[in-house]
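Asker: Have a look at this one.
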Amino acid sequence: MAPSNSSDAAKISVLVIEYGPVDRSNKTLVPFYATSTNTAGMFNITSAPEPFMGNSTFAIMAGSIAGGGSSVNGMICGRASAADYDSWEQLGNKGWGWEGLLPYFKKGTTLDAPSAEEAAKLGYTWDPSYYGKGPLQLGYPDFQYPDMYTFFNGFEELGVTFQKDQGAGNNTGLVWSPSALDTKTMTRSSSLTAYYDTASSRKNLNLLAEHQVTQIILSSDLTAQGVKVTNRADGSTLSIYAKKEVILAAGAVHTPQLLQLSGIGPKAVLKAAGVKVKLDLAAVGSNFQDHPVAYSMWALNQTFPNANSLGSNATYNAEALAEYQANKSGPYTRSQGNSVAFLPLQTVADDAAALVADLKAQAPAEHLPAIYSDGSLMKGFKAQRDIVAQQLADGSVAAIEFPFSGAGFVPNAVQKPLSRGTVYLNASDPTGAPVVSHQALANPFDRKQMFAAMQFTRRFFASDAVASMTPAETAPGAAADTEDAFFATMNAAGLLSPTFAHASGSCPMMPRKAGGCVGADLLVYGAKKLSVIDASIMPIIPSNHLQASMYAVAEKAADLIKARA
């Protein structure tokens, strides 16, 4: 998206090199299909064994088609709280706080507001002043399941406040999260459809699909001159040279891999893989973050139709599909959902203050990967920890995401994990899939947050509002009433995951002396004419899905690139 936006300047010629094909199939466009994993549109990568999740391995969710994650995700497009972005600026990135990013959140988006009749019927609320007239189309489906409103009432009974618009700088509480949805066609709006398609006729913008970048071509003074590329169809190779700048936008898994393959990264990692060290930069592949999640299961007395009906009732599914095809309305206009509770630590944990105090008292080296023996990485982590601890203490950011549709399969995703993972070359196969280690739940504070979320979930299902659904906990079960029993049961049942498909942070935007890979200008430290624009630059993961944040990052990045071109 950023490269196509950069081509706004007529003097700049942009080539976008895309690993995958351009896919405009119904699987990528029809909202309902976003409720299941589009395996064909993702890389086939498995994580390293996760030591705090029973040494299980997990699929890495990363889009491998044009548009990347925006073409295969669940279409939720919500913003985090202002404090989430202010933390980036607090870490030394001037202009990357809420005030600096809000103009770009607006610039990139158009919110197609529901009609007054639809808003009254479904309860949607929004604030148009926080959106603009940008390429990405945001909207709401014209259908929601009735049981979802029962859940709404349950949260309100427990004191969870309702926010008129999650994009206004405070997403803590109950929110309606817009979808990346073009309501004119009731299809997915992605970086492919919203940005590339509108700019593809420009003579100064070209897309080279189904080609894999294998290395950055660096001169002796570490100026990025171009890239080496392999045609995935026939295996032929070529070198492509850039006059202005090489921009990496390969994502939090593949951007650190590309830098490492090119000789930029931790010296020990490069040497182990047989790569000549051109720049020893410990930050590359460090600071890896995602939203670890626990799934509990509840038997419910649901109304019909409900969030499970399309999958369990063939007749209902056929009728819903026919309605969508004929009128672009009904259940097929709904993707992963729009109703979310973003819960502060004080809401889920009675002992929130004590938990934060324990976090501040930690010896951080005990819970971090070995690479954090590097002083700059440790300095950066301590700065992150201090900021996150304060934000969780004052409730300015969410600790837990609880998305809901009125169904009994309930995710609790930790929004501010203090565990840190790594993304490194596979020493025995450097050009193959990298070794992705989340180290999820390595920090005991994350485990305490997750267990507190489960306790809150139990209170939620015990509320008077939800009693009509006669909820019964089927997993992990009431016997899992201590932290140790909870995690033992959840691991055995396979109900924990290190990822909510929000890989980020592995080439962080921070001062170099504090473990940064890129500066506020997004240029890689120690190199020239080489920048990174993807979720790997996020120093601290925001408390929401990443899509909306990444559009704002890319819009701001496009202005930075054009200014120095």
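Asker: Assess whether S463 counts as being among the hydroxyl-bearing types (S, T, Y) and over 30 Å from Y145 (Cβ atoms). Can you show your working first?
Answerer: Working: among the hydroxyl-bearing types (S, T, Y): yes; over 30 Å from Y145 (Cβ atoms): no.
Considered against the rule, which asks whether it is among the hydroxyl-bearing types (S, T, Y) and over 30 Å from Y145 (Cβ atoms), S463 comes out as no.
Asker: Any residue in segment 355-377 that is assigned to a helix (DSSP H, G or I), modelled with pLDDT of 95 or more and closer than 22 Å to A341 by Cα?
Answerer: Within segment 355-377, one or more residues are assigned to a helix (DSSP H, G or I), modelled with pLDDT of 95 or more and closer than 22 Å to A341 by Cα.
Asker: Further, regarding this structure: If we scan segment 517-534, do we find a residue that is outside any loop (DSSP other than H, G, I, E, B), under 24 Å from the mean Cα position of the chain (by Cα), within 24 Å of A180 (Cβ to Cβ) and among the acidic types (D, E)?
Answerer: Our first condition is that a residue be outside any loop (DSSP other than H, G, I, E, B); within segment 517-534, this holds for 518, 523-524, 528, 530-532.
Subset that is under 24 Å from the mean Cα position of the chain (by Cα): 518, 523-524, 530-532.
Still in the list and also within 24 Å of A180 (Cβ to Cβ): 532.
Checking the rest, the ones that are also among the acidic types (D, E) come to none.
No, the conditions are met nowhere in segment 517-534.
Asker: Okay, moving on. Just give me the residues in segment 377-410 being over 22 Å from F451 (Cβ atoms) and in contact with a strand residue (DSSP E or B) (Cβ under 8 Å, 6 or more places away or on another chain), in sequence order.
Answerer: Hit for segment 377-410 is S405, nothing else.
Asker: May I pose another question? Let me spell it out: the conditions are (1) touching a Phe, Trp or Tyr at 6+ places or on another chain (Cβ under 6 Å); (2) buried (at least 23 other Cβ atoms within 10 Å of the Cβ); (3) farther than 22 Å from P508 by Cβ; (4) not aromatic (F, W, Y), and P471 meets all of them except one. Which number is the exception?
Answerer: Result: P471 passes all but (2).
Asker: Take V269 and decide whether it is part of a helix (DSSP H, G or I), of a type outside the set (S, T, Y) and more than 25 Å from the chain's Cα centre (by Cα). It would help to see each step written out before you state the result.
Answerer: On the way: part of a helix (DSSP H, G or I): yes; of a type outside the set (S, T, Y): yes; more than 25 Å from the chain's Cα centre (by Cα): yes.
For V269, the condition - part of a helix (DSSP H, G or I), of a type outside the set (S, T, Y) and more than 25 Å from the chain's Cα centre (by Cα) - is met.
Asker: What is the number of the single condition among (1) touching a Ser or Thr at 6+ places or on another chain (Cβ under 9 Å); (2) under 24 Å from G421 (Cα atoms); (3) in contact (Cβ under 8 Å) with a residue 60 or more places away in the chain that E245 does not meet?
Answerer: Unmet for E245, out of (1) touching a Ser or Thr at 6+ places or on another chain (Cβ under 9 Å); (2) under 24 Å from G421 (Cα atoms); (3) in contact (Cβ under 8 Å) with a residue 60 or more places away in the chain: (2).
Asker: Name the pairs whose Cβ atoms lie under 8 Å apart, with the first residue in segment 212-241 and over 13 Å from K528 (Cβ atoms), the second aliphatic (A, V, I, L, M) and loosely packed, with under 13 Cβ neighbours inside 10 Å, and 6 or more positions between them or separate chains?
Answerer: Here the result reads K228/L238; V229/L238; N231/L238, each pair linking segment 212-241 to a residue that is aliphatic (A, V, I, L, M) and loosely packed, with under 13 Cβ neighbours inside 10 Å.
Asker: Can I ask one more? Where the second residue is surrounded by fewer than 21 Cβ atoms within 10 Å (Cβ to Cβ) and part of a helix (DSSP H, G or I) and the first is touching a residue at least 40 places away in the same chain (Cβ under 8 Å) and among the hydroxyl-bearing types (S, T, Y) and lies in segment 364-381, which pairs have Cβ atoms under 6 Å and are six or more apart or on separate chains?
Answerer: From segment 364-381, the pairs are Y372/M378; S376/K513.
Asker: Looking at L310, L345, which is the one that is surrounded by 16 or more Cβ atoms within 10 Å (Cβ to Cβ), touching a helix residue (DSSP H, G or I) at 6+ places or on another chain (Cβ under 8 Å) and more than 30 Å from D84 (Cα to Cα)?
Answerer: Numbers: L345 fails: more than 30 Å from D84 (Cα to Cα).
Only one candidate passes the filter, namely L310.
Asker: OK, next. Does D147 fit the bill of being of a type outside the set (A, V, I, L, M) and surrounded by fewer than 22 Cβ atoms within 10 Å (Cβ to Cβ)? Let's see the steps before the verdict.
Answerer: Details: of a type outside the set (A, V, I, L, M): yes; surrounded by fewer than 22 Cβ atoms within 10 Å (Cβ to Cβ): no.
For D147, the condition - of a type outside the set (A, V, I, L, M) and surrounded by fewer than 22 Cβ atoms within 10 Å (Cβ to Cβ) - is not met.
Asker: For residues in segment 318-348 being among the hydroxyl-bearing types (S, T, Y) and in a helix (DSSP H, G or I), which is farthest from the chain's Cα centre (by Cα)? Reasoning before the result, please.
Answerer: Applying the first criterion (among the hydroxyl-bearing types (S, T, Y)) to segment 318-348 yields 324, 329, 332-333, 335, 339, 347.
If we keep only those that are in a helix (DSSP H, G or I) too, we end up with 324, 332-333, 347.
Values: Y324: 29, Y332: 24, T333: 22, T347: 23 Å.
Among those residues, the one meeting the criterion is Y324.
Asker: Looking at A480, A493, can you tell me which residue is at pLDDT 95 or above, surrounded by fewer than 20 Cβ atoms within 10 Å (Cβ to Cβ), small (G, A, S) and over 30 Å from G95 (Cα atoms)? It would help to see each step written out before you state the result.
Answerer: Numbers: A480 fails: surrounded by fewer than 20 Cβ atoms within 10 Å (Cβ to Cβ).
Of A480, A493, the one residue that is at pLDDT 95 or above, surrounded by fewer than 20 Cβ atoms within 10 Å (Cβ to Cβ), small (G, A, S) and over 30 Å from G95 (Cα atoms) is A493.
Asker: Run down L138, L102 and say which single residue is aliphatic (A, V, I, L, M), at pLDDT 95 or above and closer than 20 Å to R334 by Cβ. Spell out the reasoning first.
Answerer: Details: L102 fails: closer than 20 Å to R334 by Cβ.
Going through L138, L102 in turn, the sole match is L138.
Asker: So, in segment 153-183, of the ones that are on the phi > 0 side of the Ramachandran plot and assigned to a loop (DSSP other than H, G, I, E, B), which residue ends up surrounded by the fewest Cβ atoms within 10 Å (Cβ to Cβ)? Full working, then the answer.
Answerer: Going through segment 153-183, the residues on the phi > 0 side of the Ramachandran plot turn out to be 159, 169, 173.
Retained after the next criterion (residues that are assigned to a loop (DSSP other than H, G, I, E, B)): 159, 169.
Values: G159: 8, G169: 20.
In this case the residue turns out to be G159.
Asker: So which residues in segment 272-305 are within 24 Å of T499 (Cβ to Cβ) and either part of a strand (DSSP E or B) or at pLDDT below 95 (or both)?
Answerer: Matches in segment 272-305: F288, Q289, V293, A294, Y295, S296, M297, W298.
Asker: Still on this structure, please answer the following. Report the residue count in segment 500-526 for those that are crowded, with 21+ Cβ neighbours inside 10 Å and free of Cβ contacts under 8 Å to residues at least 40 places away in the same chain.
Answerer: 2
Asker: I would also like to ask the following. Could you count how many residues in segment 394-421 are surrounded by 24 or more Cβ atoms within 10 Å (Cβ to Cβ) and among the hydroxyl-bearing types (S, T, Y)?
Answerer: So the count comes out to 1.
Asker: I'm checking my understanding of the structure. Among residues of segment 184-206 that are polar (S, T, N, Q) and surrounded by 21 or more Cβ atoms within 10 Å (Cβ to Cβ), which one is nearest to R24 (Cα to Cα)? Break it down stepwise before answering.
Answerer: Initially, segment 184-206 is screened for residues polar (S, T, N, Q), giving 185, 187, 189-191, 193, 198, 200-201, 204, 206.
Within this subset, residues satisfying the condition of being surrounded by 21 or more Cβ atoms within 10 Å (Cβ to Cβ) are 189-191, 193.
Details: S189: 11, S190: 11, S191: 12, T193: 9 Å.
The qualifying residue nearest to R24 (Cα to Cα) is T193.
Asker: Run G375 past the list (1) surrounded by fewer than 20 Cβ atoms within 10 Å (Cβ to Cβ); (2) within 30 Å of Y145 (Cα to Cα) and report the number of the one that doesn't hold.
Answerer: All conditions are met except number (2).
Asker: Continuing with the same structure: Could you list, in sequence order, all residues of segment 267-303 that are among the aromatic types (F, W, Y) and surrounded by fewer than 24 Cβ atoms within 10 Å (Cβ to Cβ)?
Answerer: If the condition is that a residue be among the aromatic types (F, W, Y) and surrounded by fewer than 24 Cβ atoms within 10 Å (Cβ to Cβ), then Y295, W298 are the ones that fit.
The values are calculated or read from the model by the stated rules, or taken from the named source; none is laboratory data. If you're wondering where the values come from, they're calculated on a predicted model, not measured in any experiment. Please note: Cβ atoms are built from the backbone with ideal geometry, for glycine as well, and neighbour counts cover all protein chains shown.
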